[in-house]
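Working notes, structure below.
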Amino acid sequence: MKVVKFGGSSLADAASFRKVIDIVHADKNRRYVVDSAPGKRGDGDEKVTDLLYRCKRETEEGQDCASTLAFVRARFEEIANGLDIADKVQVADEFAVIEKNIKAGASADYVASRGEYLNGKLLAAALGFEFIDAAEVVRFHEDGTFDQETTNVLTSMRLEQTEYAVIPGFYGLIGTRDDDADTAGDIARIKTFSRGGSDITGSIVARAVGADAYENWTDVSGFMVADPRIIEDPARIETITYLELRELAYMGASVLHEDAIFPVRKQGIPINIRNTNDPDDEGTWIVESTAKKSRYVITGIAGKKDFCSINIEKDMMNSEIGFIRRVLQAFEDQEISVEHVPSGIDTLTVFVHQDEFIAKEQAIVSEIHRLAAPDLLEIESDLALIAVVGRGMKSTRGTAGRIFSALAHAAVNVRMIDQGSSELNIIIGVETRDFEKAIRAIYDIFVTTQI
Ligand code: ASP
């Protein structure tokens, strides 16, 4: 049994809906479908979720949101008419309710959630599946955090009663539901996940029904070894472990919402990222563990710009107990998250995000002086970090050697090296202006020269 989730670009208009319908009908094991709101139909277009947030803003600012709402409505009508299901879903009536609720001061979460809700109704009608409102099965605690236990029980109980269903992504309900669905009480308690959160709903449903796989359909064929904005037509990652993905996602590689991993990971349910525009492509498999070797020694490369380093020196630092703690205390007190802390015998470097650090820079510097009395403190900006990630690195000799000789040949000056204890990644600090050049050099040595 498979749970399938379709992103906004896969459900943007009637034409893309048709592809989705074919995909779902092509495999009878695709039994539970989670949808996003209609996304962009091309460059310059807007996502329905963004338009709905705009409606809410306009209302709050005392403006009339009618024209924005009419725009949203036209998008749903195009889908309903294009698929010949206008008699099954009364889009006009749905919008009358939404408009009334907006005017009555419904929350931003409620307004935004209507994109998934209505798209789910349309998709269910088009597929001939049952529609199950996420407010019925997805629950949040009163403090707004996700209530995993209740959700899991409600979802699995509800889905046991139905063989084929569509469940909208992105939202649920705080607390318990009133018997009379869609009451004013419900509307006030609709809550969304963070942006991109339909991925999480898909994962929740996959866990609740004990799916064999969670297929996440989007507009790319999975994860690429490197960012396509830097490497033209990069190789695809066939299989990646959850841990590797975490490393790459942390460094900015994004296809899937980060929180979508947790519900399925512990259950050993693999996630398969697939491309709606190329359904025959196997995409990328995200798994807990695998005996499959990556095609290349490395699984992926990702990186982020705009880091700062605070370089600290002190004679006999190595024998001064508590020195590192005192330095880090200064960052903690100012609520700055520390990214990496490579150290030498009498030196210590702290990497932080430049934008967070700059506002509090002088407070931190003076606190480090006060707490740790270093001999020298120096700040460097415009640094980038690159993570080379691969489960195969542990058992392969010479990976670090190849990375650094490639960087040397490309005339990239390496400013920092950090190998995680799991040997799953090597993190390299370079100057921001060398960022793209460094990624290309690493990609070439591990991928291009192997093809
Ligand atoms: N529609 C929501 C968003 O744009 C959720 C999602 O697509 O996953 O963030």
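The values are calculated or read from the model by the stated rules, or taken from the named source; none is laboratory data. As the structure is a prediction and not an experimental result, all values here were calculated from the model. Using ideal geometry, Cβ is built from the backbone for each residue, glycine included, and neighbour counts are taken over all protein chains shown. Accessible surface areas use protein heavy atoms only, side chains included; no ligands, DNA or RNA. Shrake-Rupley method; radii C 1.70, N 1.55, O 1.52, S 1.80 Å.
Does V153 fit the bill of being of a type in the set (A, V, I, L, M), more than 16 Å from the ligand (Cβ to nearest atom), in contact with a Leu (Cβ under 6 Å, 6 or more places away or on another chain) and modelled with pLDDT of 95 or more? When the stated conditions are applied, V153 does not pass them. Of the candidates D219, D143, the single residue that is open to solvent by 50 Å² or more (accessible area, probe 1.4 Å) and in contact with a Ser or Thr (Cβ under 7 Å, 6 or more places away or on another chain) is D219. Take the residues in the range 148-162 that are of a type in the set (V, I, T) and under 14 Å from R207 (Cβ atoms), then tell me which one is most open to solvent (accessible area, probe 1.4 Å). If we take residues in the range 148-162 being of a type in the set (V, I, T) and under 14 Å from R207 (Cβ atoms), then V153 is most open to solvent (accessible area, probe 1.4 Å).
Of all residues in the range 324-342, how many are surrounded by 15 or more Cβ atoms within 10 Å (Cβ to Cβ) and small (G, A, S)? Selection size over the range 324-342: 1. Has the range 217-236 got at least one residue that is closer than 21 Å to M1 by Cα, within 16 Å of the ligand (Cβ to nearest atom) and not polar (S, T, N, Q)? Yes: the range 217-236 contains one or more residues that are closer than 21 Å to M1 by Cα, within 16 Å of the ligand (Cβ to nearest atom) and not polar (S, T, N, Q). From the list V48, V97, exactly one residue is surrounded by 17 or more Cβ atoms within 10 Å (Cβ to Cβ), under 22 Å from I190 (Cβ atoms) and not charged (D, E, K, R). Which is it? Every option except V48 fails the conditions. For the range 19-52, filtering for residues that are away from the ligand (no atom under 16 Å from the Cβ) and in a loop (DSSP other than H, G, I, E, B) leaves 7. Taken as a whole, the condition of being crowded, with 23+ Cβ neighbours inside 10 Å, under 15 Å from the mean Cα position of the chain (by Cα) and outside any loop (DSSP other than H, G, I, E, B) does not apply to I240. In the range 11-18, is there at least one residue being in a loop (DSSP other than H, G, I, E, B), at negative phi and within 16 Å of the ligand (Cβ to nearest atom)? The answer is yes, given that some residue of the range 11-18 is in a loop (DSSP other than H, G, I, E, B), at negative phi and within 16 Å of the ligand (Cβ to nearest atom). Exactly one residue among K394, K314 is of a type in the set (K, R) and open to solvent by less than 50 Å² (accessible area, probe 1.4 Å), and that residue is K314. Residues in the range 102-116 that are open to solvent by less than 20 Å² (accessible area, probe 1.4 Å) and either closer than 15 Å to L51 by Cβ or in a helix (DSSP H, G or I) (or both): I102, Y110, V111, A112, S113, R114, G115, E116. Only residues that are among the charged types (D, E, K, R) and under 24 Å from K19 (Cβ atoms) were counted in the range 212-247, giving 6. Yes or no: T49 in contact with a Phe, Trp or Tyr (Cβ under 9 Å, 6 or more places away or on another chain), more than 20 Å from I132 (Cβ to Cβ) and modelled with pLDDT of 95 or more? Taking the combined requirement at face value, the residue satisfies it.
Taking the criterion of being open to solvent by less than 40 Å² (accessible area, probe 1.4 Å) and basic (K, R), the only residue of the range 256-308 that qualifies is R274. Can you name the residue in the range 188-205 that is within 15 Å of the ligand (Cβ to nearest atom) and small (G, A, S) and is also farthest from S10 (Cα to Cα) among such residues? Once the filter is applied, the top-ranked residue is S194.
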